[in-house]
Amino acid sequence: MPRIRRTLTALAPLLLAAGLAAPAQADDVAAAPAPAAATAAWPAPAPVLTRVATGDPVLFITIDDGWGTEDAAGAQRLLIERRIPASLFLLPDAYERDRDYYRTLLAHSPARVENHTVTHRDMTTLTEAEQRGEICGARDRQLAAFGDSPQLFRPAGGQTYQWPYYNDATRTAATACGARTVVTWTHDLTTWGAWSPPVPALSAGDIVLLHMGPQLEGDLRRVLAAADAAGLSPARLRDYTRGAS
């Protein structure tokens with residue numbers, strides 16, 4: 001019996017190496033690995049721009065909604081003659097009402113159409129699925145109308161809407177629908193009725209909000225004069241959002 005015990009003792013290291021040793025006791029069981037950190041939400045929320053951080057002597061002219069083209073022939077001529085690379089955040093029903101106006105503008109100027117929802121609803125009141133319907137629906141209609149998919153998204157605003165007109169779900173929905181950036185503005189210089197807001201001293205990277213309509217030509221001239229005074233030139237916003245974060 002002592003000889004057997006000595007034999008087993010000698011074989012123990014070999015059994016352990018071969019994995020034939022007795023199962024480990026509970027105290028010897030290694031702790032289970034901690035669960036991996038939760039993966040980032042997909043898609044990543046789109047960044048938000050109110051102005052562009054740039055050292056270039058440029059500003060960005062944006063035009064919203066799209067109604068009122070019948071009284072905006074002068075604005076169309078000015079945009080074409082000055083080759084203003086405006087970002088047009090248009091509603092599908094507005095441009096479908098006067099496609100010739102926008103097709104002429106796009107064909108003869110560097111302006112581009114961007115995403116402004118389908119129905120101009122307050123995005124902060126909608127579920128993420130509803131927001132995707134608004135943004136992706138506008139994208140699809142723009143692609144069908146002009147053969148160009150929008151790259152920027154501006155949420156709709158209004159007096160009864162909740163500033164800043166977007167939430168985290170908006171940013172995620174924007175990315176899911178192909179928008180690189182959610183764009184707001186630095187200065188709203190739209191004339192409403194008889195009142196025109198004073199034009200401030202403009203700075204490089206400012207994003208100016210205007211609206212389509214009979215007042216647009218006058219608003220454009222005021223903004224262009226202020227840009228000239230500040231030594232700034234209009235630039236295409238798309239070109240400055242590729243690395244937005």
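The values are calculated or read from the model by the stated rules, or taken from the named source; none is laboratory data. Predicted model only: the values in this text are computed from it and were never measured. Heavy atoms of the whole protein, side chains included, go into the accessibility calculation; ligands, DNA and RNA do not. Shrake-Rupley method; radii C 1.70, N 1.55, O 1.52, S 1.80 Å.
Working only within region 76-96, note down all residues that are of a type in the set (A, V, I, L, M) and part of a helix (DSSP H, G or I).
Of all residues in region 76-96, those of a type in the set (A, V, I, L, M) come to 78-80, 84, 86, 88, 90-91, 94.
The answer is 78, 79, 80, 94.
So residue 168 fits all but one of (1) open to solvent by 60 Å² or more (accessible area, probe 1.4 Å); (2) over 23 Å from the mean Cα position of the chain (by Cα); what number is the exception?
Failing condition for residue 168: (2).
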